[in-house]
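What follows is a set of notes on a single structure, which appears directly below.
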Amino acid sequence: MTASPAHSTRPWEDMVLYQIYPRSFADADGDGYGDLQGVIDHVGYLELLGVDGVWLSPIMRSPGADHGYDVSDPRDVDPLFGDVETLRRLVEELHAAQMVLIMDLVPNHTSVEHAWFAAAVEAGPGSPERERYFFRDGLGDDGSRPPNNWPSVFGGPAWTRITEADGTPGQWYLHLFAPEQPDLDWSHPDVGDDLERTLRFWLDLGVDGFRIDVAHGLAKPDDLADLPDDVEIAQLVVDERDARWDRPGVHDVHRRIRAVVDEYPGAATFGEVWVGPADRFARYLRPDELHFAFHFPLTGAPFEAGAVREAIEATLEASRIADSAPTWALSNHDVVREVTRYGNGALGTARARAMLLVELALPGITFIYEGSELGLPSDFSIPHDRLTDPTWERSGHAEMGRDHCRVPMPWEGTQPPYGFSTADRTWLPMPGDWGPLTVEAQLEDADSTLSLYRAAIETGRSWRGPRTASVEWYGAPSGCLAFRRDNGVVCALNTSERSVPLPEGEVILASGPLDPHTGAGEILPPDTAVWMRPR
Ligand code: GLC
């Protein structure tokens, strides 16, 4: 390995980071799947957008049962995306453009194709190989019932029974997600030792940090006891009796990760922490644990001023308790895209544009999911026989899963694959009506969503100033919210059905057309937000 490259010397606390879902960003080799060369080819686009860096969803070697979140070799790049050298080149290109790269890291589980799991199945019950995972005997005389009643996030039980090497029905193993994603037992010393190697492998290559998948799920209770029957099963932990998540032991894992990352000055970790109560969330951000964590209330909030304010306050409160910069995201690769969540079509687009201004006016780190800047909707029209998310099968076709928000990026032209690929068949089909949404169609159009993103990122940089976690709320008419930042800039949002007058002052940026007022000042129409300096 070459000498350790420089890591970010810039503060993370006010960065705008762009999430790339590598299968869907840009396909350079023409196989219908996005790849790392495709990202390299579009570093110029990221500069044009004005972001400070990239979060790359997993690119490690994986059979792809959960599209990279099932890792079979954590220290290699999957051939679908390129190789380690391609990643190194991407890091270099991003650094040359003053951008950082965060990689996704998946410490909660491996793929069933990981060498450890293959060895565990092979070695048989009671073997040391099985102790790196949760292998247990089934219940009942013939062991035909799962060891406990835990459900998997993707539907069905969180346990799968294996067939032993001699062909008999065997033990069960735990998987909080798909059966192809067996959970690791973090109390086994090999698990942490191996993760340390993985961290160093990528940090030595120059990556600036990690997004840590399922950061709240890494420790399981010793007894693996049944969940109470009435426990509320939700992704955002609301019920502390759901022993699958947020166990005390999880914090030892984060301390271990932090100790390694601290050897690389400037590197940072971002945890995926689906934990609701602010005080419990904040524990993940103690000085020797994660640097930052995703806090999801805004990502789930409906377009309604009261709910938006509540979500913002919850995140600010958590970050105050934790003394860590808040993080914001309107969407990611797991949720319905914001345009669709807020009402689809022109309405959803106007609202998503308004929410961008709200998000970028807030102190902290903003994550933009690829395609948000184009105003892409979720695509619920994907034919069933093309669906790939494990949720679809696991739920017995009751839930479509997350393919709708993972459709490839439209770059140019008027029909699929819109310059995403040279292949006719892309891994997920692309809708026929995305011609007006391509980068090409939006780039020169001053009113496009892409232009709004560029302007908001660029303009915001000059006034957002020092990012403290303070926002000052203004009294606002019903259905509206307004807050002021330290430097006097006010962000106002109208989610009501009526136009409201704005105070007099200089408008910095508006998410849509403002109505000229008959007297002084302007009018903020419904589904619109504005940044301004009141006089
Ligand atoms: C996280 C990821 C999601 C993945 C799951 C299992 O929630 O964001 O995409 O399916 O972990 O790794």
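The values are calculated or read from the model by the stated rules, or taken from the named source; none is laboratory data. Because the structure is a prediction, the values reported are computed rather than measured. Because the Cβ atoms are built from the backbone with ideal geometry, glycine has one as well, and the counts that use them run over all protein chains shown. Accessible surface is based on the protein model in full, side chains and every heavy atom, while ligands, DNA and RNA are left aside. Shrake-Rupley method; radii C 1.70, N 1.55, O 1.52, S 1.80 Å.
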Inset, instruction - Filter segment 163-191 down to the residues that are among the β-branched types (Val, Ile, Thr) and surrounded by fewer than 17 Cβ atoms within 10 Å (Cβ to Cβ), then identify the one that is nearest to the ligand (Cβ to nearest atom). - result: 163
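Residue by residue, here is whether (1) over 30 Å from residue 19 (Cα atoms); (2) within 16 Å of the ligand (Cβ to nearest atom) holds:
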site	(1), (2)
100	no, no
110	no, yes
125	yes, no
137	yes, no
146	yes, no
151	no, yes
Inset, instruction - Only one of these is in the same structural domain as residue 58 (by TED's automatic domain parsing) and either modelled with pLDDT under 95 or crowded, with 24+ Cβ neighbours inside 10 Å (or both): 345, 396. Name it. - result: 396
Inset, instruction - Restricting attention to segment 253-280, report how many residues are more than 16 Å from the ligand (Cβ to nearest atom), closer than 23 Å to residue 297 by Cα and of a type outside the set (D, E, K, R). - result: 4
Legend entry - Filtered residue count, segment 226-245, keeping only those that are outside any strand (DSSP E or B), open to solvent by less than 40 Å² (accessible area, probe 1.4 Å) and within 16 Å of the ligand (Cβ to nearest atom): 4
Inset, instruction - Filter segment 186-217 for residues that are more than 20 Å from the chain's Cα centre (by Cα) and closer than 21 Å to residue 292 by Cβ and give the result. - result: 195, 196, 198, 200, 203, 206
Legend entry - Subset of segment 53-65 [in contact with a helix residue (DSSP H, G or I) (Cβ under 9 Å, 6 or more places away or on another chain) and either open to solvent by 10 Å² or more (accessible area, probe 1.4 Å) or more than 14 Å from the ligand (Cβ to nearest atom) (or both)]: 53, 54, 64, 65
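Would you point out the residue of segment 26-41, among those that are in a loop (DSSP other than H, G, I, E, B) and free of Cβ contacts under 8 Å to residues at least 60 places away in the same chain, that is nearest to residue 118 (Cα to Cα)?
Step one: list which residues in segment 26-41 are in a loop (DSSP other than H, G, I, E, B), which gives 26-35.
Filter again for free of Cβ contacts under 8 Å to residues at least 60 places away in the same chain, leaving 28-29, 35.
Details: 28: 33, 29: 31, 35: 28 Å.
If we take residues in segment 26-41 being in a loop (DSSP other than H, G, I, E, B) and free of Cβ contacts under 8 Å to residues at least 60 places away in the same chain, then 35 is nearest to residue 118 (Cα to Cα).
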Inset, instruction - For residues that are over 19 Å from the mean Cα position of the chain (by Cα) and of a type in the set (S, T, N, Q), scanning just segment 327-380, find the one that is farthest from the ligand (Cβ to nearest atom). - result: 349
Inset, instruction - Answer with yes or no whether residue 223 is without any contact (Cβ under 8 Å) to a residue 24 or more places away in the chain and either within 16 Å of the ligand (Cβ to nearest atom) or open to solvent by 40 Å² or more (accessible area, probe 1.4 Å) (or both). - result: yes
Legend entry - Criterion: closer than 23 Å to residue 19 by Cα and within 15 Å of the ligand (Cβ to nearest atom) - qualifying residue of 208, 213: 213
Inset, instruction - Exactly one condition in (1) assigned to a helix (DSSP H, G or I); (2) over 23 Å from the mean Cα position of the chain (by Cα); (3) touching a residue at least 60 places away in the same chain (Cβ under 8 Å) is not met by residue 95; state its number. - result: (2)
Inset, instruction - Tell me which of these residue 373 doesn't satisfy, since it passes every other one: (1) assigned to a helix (DSSP H, G or I); (2) at positive phi. - result: (2)
